[in-house]
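A short write-up of the structure that comes next.
The values are calculated or read from the model by the stated rules, or taken from the named source; none is laboratory data. Everything numeric in this text was worked out from a predicted model, so none of it was measured. All Cβ positions, even for glycine, are placed from backbone atoms using ideal geometry, and neighbour counts span all protein chains on display. Heavy atoms of the whole protein, side chains included, go into the accessibility calculation; ligands, DNA and RNA do not. Shrake-Rupley method; radii C 1.70, N 1.55, O 1.52, S 1.80 Å.
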Amino acid sequence: MQIEPYLFFDGNCEEALDFYQDALGGQVRQLMRYGGSPMDTPELPAAWKSRVLHATLDVAGQRFMAADAMPGNSMEAYAGFSISVNIPQDRAKAEKIFHALSSDGTVTQPFGPTFWGALFGMVVDKFGVPWMVNCDLAPADR
């Protein structure tokens, strides 16, 4: 079994996927649009044909899925969760990812040392998605 996040966006899913691909070092493996899908009915607004119906982003053997919310569905703010990224014993990579996710976002906890022997920070990215970045350090590096 795998548990995978599925993020919905308000018309900017492709932009978000490009951002996450760069920030996390991942790759979009699948991207389907509303146009040409079973959702492509006469009721579908023309502007929706190019929006993302479903996509997957693979990052280091993990993935999450994403889409633009369907027409008529309101987008609520992300609340009650964070996507957690753990980069064990690679301080430079963890800092790079944290700062990339922070670009035009809001840092809610600066990236720095913790009482549990790791580096940790929290950010809400420019798309409103909350992230936690953790870097477990080797005992000698604490």
* Structure fact -> Within the range 18-42, the residues that are open to solvent by 80 Å² or more (accessible area, probe 1.4 Å), outside any strand (DSSP E or B) and in contact (Cβ under 8 Å) with a residue 12 or more places away in the chain are D22
* Structure fact -> Picked from the range 1-17 (must be over 20 Å from A77 (Cβ atoms) and open to solvent by 80 Å² or more (accessible area, probe 1.4 Å)), the residue farthest from the chain's Cα centre (by Cα) is M1
* **Residue in the range 96-111 that is β-branched (V, I, T), more than 20 Å from P5 (Cα to Cα) and not in a strand (DSSP E or B) present** => no
* Asked: Residues A77, A66: which one is touching a residue at least 12 places away in the same chain (Cβ under 8 Å) and in contact with a Leu (Cβ under 6 Å, 6 or more places away or on another chain)?
  -> A66
* **Top-ranked residue in the range 50-64 [being open to solvent by 70 Å² or more (accessible area, probe 1.4 Å) and outside any loop (DSSP other than H, G, I, E, B); ranked as nearest to C13 (Cα to Cα)]** => R63
* Only one residue in A47, A92 is in a helix (DSSP H, G or I), of a type in the set (G, A, S) and in contact with a Gly (Cβ under 9 Å, 6 or more places away or on another chain), so which one is that? -> A47
* the range 65-89, residues that are under 29 Å from L137 (Cβ atoms) and not in a loop (DSSP other than H, G, I, E, B) -> I83, S84, V85, N86
